[in-house]
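Each remark here refers to the structure printed beneath this line.
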Amino acid sequence: MRRRDTRTGQVVLDDIDQAIIANLQTDGRMPYSKLGPAVGLSEAAVRQRVQRLLDDGLMQVVAVTDPLVVKGSVMALVGLRVQGDSRRVAEEIATMAESIYVVAISGSFDVIAEFVCDDHEHLLNLLNDRIRNIEGVASTESFVYLQLYKHTFAYGAS
């Protein structure tokens, strides 16, 4: 069973939870009748484990597309330098439909966000009309994706 590391406060997954996650990362539609035996549990037991991982917010099962393959999509990573509370700016960026990844960081940027837009004009409007008008945003630096070489979500399981 999983536990919480008393030193870091992070959740530590046991071998079975890690095996469940690894199998679902390979095939998110794997039936419980195959998943259970693959991880050494009955179908009912694995169903309970999966539901607990989902309910506890430790795992999501989602379909992932490659935005650069979808016609007309433009992806960009945008670094933001913020004056004032970077958490507030990150929270506002996170509410935007175009944002798919938003983190507060240390270094030369205060916030980094990844966006998916319909086209270059959409990206320009997003940057110029919305992001740069957020109170506290001092500057932005954009990195438009030309080719995606790796985009994986296969982490969290050994």
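The values are calculated or read from the model by the stated rules, or taken from the named source; none is laboratory data. Bear in mind that the values here come from a model prediction, so they are computed numbers and not experimental data. Note that each Cβ is placed from the backbone with ideal geometry, even for glycine, and that neighbours are counted across all protein chains shown.
Every listed requirement among (1) more than 14 Å from the chain's Cα centre (by Cα); (2) in a loop (DSSP other than H, G, I, E, B); (3) of a type in the set (S, T, Y) is met by T152 save one, (1).
Restricting attention to region 94-105, and to residues there that are in contact with a strand residue (DSSP E or B) (Cβ under 7 Å, 6 or more places away or on another chain) and among the small types (G, A, S), which single residue is surrounded by the fewest Cβ atoms within 10 Å (Cβ to Cβ)? Step by step, filter region 94-105, then rank; the result is A94.
Let's see how each residue does on (1) exposed (fewer than 14 other Cβ atoms within 10 Å of the Cβ); (2) within 30 Å of A22 (Cβ to Cβ):
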{"site": "L58", "(1), (2)": "no, yes"}
{"site": "V61", "(1), (2)": "yes, yes"}
{"site": "E92", "(1), (2)": "no, no"}
{"site": "L124", "(1), (2)": "yes, no"}
{"site": "K150", "(1), (2)": "yes, yes"}
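Based on what the data block shows, is V137 touching a residue at least 24 places away in the same chain (Cβ under 8 Å), closer than 30 Å to R4 by Cα and not polar (S, T, N, Q)? So V137 does not fit the description; no.
Within region 29-58, restricting attention to residues that are at pLDDT 90 or above and in a loop (DSSP other than H, G, I, E, B), the residue that is nearest to the chain's Cα centre (by Cα) is R29. Contact annotation: residue pairs with Cβ atoms under 8 Å, 6 or more positions apart or on different chains, pairing a residue in region 97-114 that is free of Cβ contacts under 8 Å to residues at least 12 places away in the same chain with a partner that is buried (at least 17 other Cβ atoms within 10 Å of the Cβ), are I105/V111; I105/I112. So is R81 assigned to a strand (DSSP E or B), more than 20 Å from the chain's Cα centre (by Cα) and either on the phi < 0 side of the Ramachandran plot or assigned by TED's automatic domain parsing to the domain that holds I112 (or both) or not? When the stated conditions are applied, R81 passes them. Would you confirm whether or not region 50-63 contains a residue that is of a type in the set (A, V, I, L, M), within 21 Å of L148 (Cβ to Cβ) and out of contact with any Lys or Arg (no Cβ under 9 Å at 6 or more places or on another chain)? Within region 50-63, one or more residues are of a type in the set (A, V, I, L, M), within 21 Å of L148 (Cβ to Cβ) and out of contact with any Lys or Arg (no Cβ under 9 Å at 6 or more places or on another chain).
Checking each residue in region 106-122 for being of a type in the set (G, A, S) and either at positive phi or loosely packed, with under 12 Cβ neighbours inside 10 Å (or both) picks out S106, G107, S108. You will find that of S108, S86, S139, S73, the residue that is farther than 24 Å from R29 by Cβ, among the small types (G, A, S), modelled with pLDDT under 95 and in contact with a strand residue (DSSP E or B) (Cβ under 9 Å, 6 or more places away or on another chain) is S73 and no other.
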